[in-house]
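See structure below.
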Amino acid sequence: MTELLLALWPLFALIVGGYVLSRRGFPNEAFWPGAERLNYFILFPALLFNSLATAPLDNPQLPRMALAVLLGLGIAWLALLVVRRLRGWPAARFGAFSQGILRFNTYLGLAAVGSLFGQPGLTLAALMLALMVPTVNVLSVWSLTAERGVSARSLLLPIIRNPLILACLAGALVNLSGLGLPGGSGRLLSLLAAASLPLGLLCVGAALKPEQLGGEVPALVWNSLLRLLLMPLLALAVAVGLQLPAMESTVLVLFFALPTAPTAYVLTRQLGGDANLMAGIITLQHLLAAASLVGVLLTLDIIL
């Protein structure tokens with residue numbers, strides 16, 4: 001219990017710190033969007049590229065891990081489609097609800113995995129992200145545009161342009177080529193990667209919008225509980241069914257227990273979804289995640 005709290009509380013302290021700094025106007029309003037872009041397009045891709053370029057791609061657990069990811073996301077997506085048909089949600093609301101359940105805060109996930117398992121955990125998480133990020137992006141775009149019809153171009157373009165996906169592909173190609181990271185390039189990437197997760201967590205806090213919590217409280221609560229409690233239970237059932245080892249199971253369940261991605265707000269607003277509902281979901285999930293993540297990981301420690 002103590003080790004778990006010691007691993008997680010600094011991460012949430014950074015989120016709170018980002019929120020406080022942003023509300024106090026420090027350094028200024030223009031800083032946070034710029035910092036988020038720097039992290040999204042340069043620092044975080046450097047972390048993923050560096051992890052995958054040196055990852056042991058011959059890990060015998062990778063095929064089962066990939067199957068577990070696809071099974072978990074597929075079951076959740078099918079359940080969302082059934083509920084949407086029963087409730088008659090328009091795409092604007094369905095897009096917000098589905099992102100609240102399917103998407104995940106990558107910065108928090110990698111920071112938590114790194115604190116718990118070190119570099120082996122980060123490598124495994126990066127490999128998992130190479131599959132999860134494009135899948136979740138396609139489902140998110142489709143859910144927000146379902147009523148207008150969706151073309152292959154509108155689904156694939158965000159993936160082709162996504163710097164995280166490109167970094168994963170490039171890192172895997174370098175790894176398979178056997179070239180390695182010569183001439184100190186590995187050290188450069190490590191320095192860039194070291195700045196990514198702290199800055200990312202500060203930006204998460206700066207993006208939270210507590211003023212949006214006063215709206216649709218029941219919708220915010222049930223969506224958050226499904227994401228933070230039911231999704232990790234689903235991931236655990238899949239992991240047990242596929243007999244994944246302890247670390248692989250923990251990383252899988254952890255990513256299914258994370259609060260949704262703050263970038264979901266931007267996508268929702270750009271594609272005409274219910275941005276206020278999305279902002280409320282993001283904020284409440286991050287407030288509850290400080291307790292739910294500890295509970296989920298403690299339960300895993302007992303089971304595994």
Which residues, taken from segment 60-93, are outside any helix (DSSP H, G or I) and either at pLDDT below 90 or at positive phi (or both)?
-> P60, Q61, G88
Which residues, taken from segment 95-109, are assigned to a helix (DSSP H, G or I) and either free of Cβ contacts under 8 Å to residues at least 24 places away in the same chain or under 17 Å from P134 (Cα atoms) (or both)?
-> G95, S98, Q99, G100, I101, L102, T106, Y107, G109
Given the structure, is V82 among the aliphatic types (A, V, I, L, M) and out of contact with any helix residue (DSSP H, G or I) (no Cβ under 7 Å at 6 or more places or on another chain)?
-> yes
Filter segment 54-94 for residues that are charged (D, E, K, R), surrounded by fewer than 13 Cβ atoms within 10 Å (Cβ to Cβ) and in contact (Cβ under 8 Å) with a residue 40 or more places away in the chain and give the result.
-> none
Out of (1) assigned to a helix (DSSP H, G or I); (2) more than 16 Å from F41 (Cα to Cα), what's the single condition that is false for P182?
-> (1)
Helices (runs of 4 or more DSSP H) fully within segment 213-304 counting 3 or more residues that are within 29 Å of P63 (Cβ to Cβ) and open to solvent by less than 50 Å² (accessible area, probe 1.4 Å) = 231-241, 246-257, 275-303
Candidates L252, L288, L233 - the one that is out of contact with any Ser or Thr (no Cβ under 6 Å at 6 or more places or on another chain) and within 21 Å of L110 (Cβ to Cβ) = L252
Determine, yes or no, whether F44 is at pLDDT below 95, closer than 21 Å to L191 by Cα, open to solvent by less than 50 Å² (accessible area, probe 1.4 Å) and under 18 Å from the mean Cα position of the chain (by Cα).
-> yes
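The values are calculated or read from the model by the stated rules, or taken from the named source; none is laboratory data. Bear in mind that the values here come from a model prediction, so they are computed numbers and not experimental data. Quick reminder, even Gly has a Cβ in these numbers, built from the backbone with ideal geometry, and neighbours come from all protein chains shown. All accessible areas refer to the heavy atoms of the entire protein, side chains included, with ligands and DNA or RNA removed. Shrake-Rupley method; radii C 1.70, N 1.55, O 1.52, S 1.80 Å.
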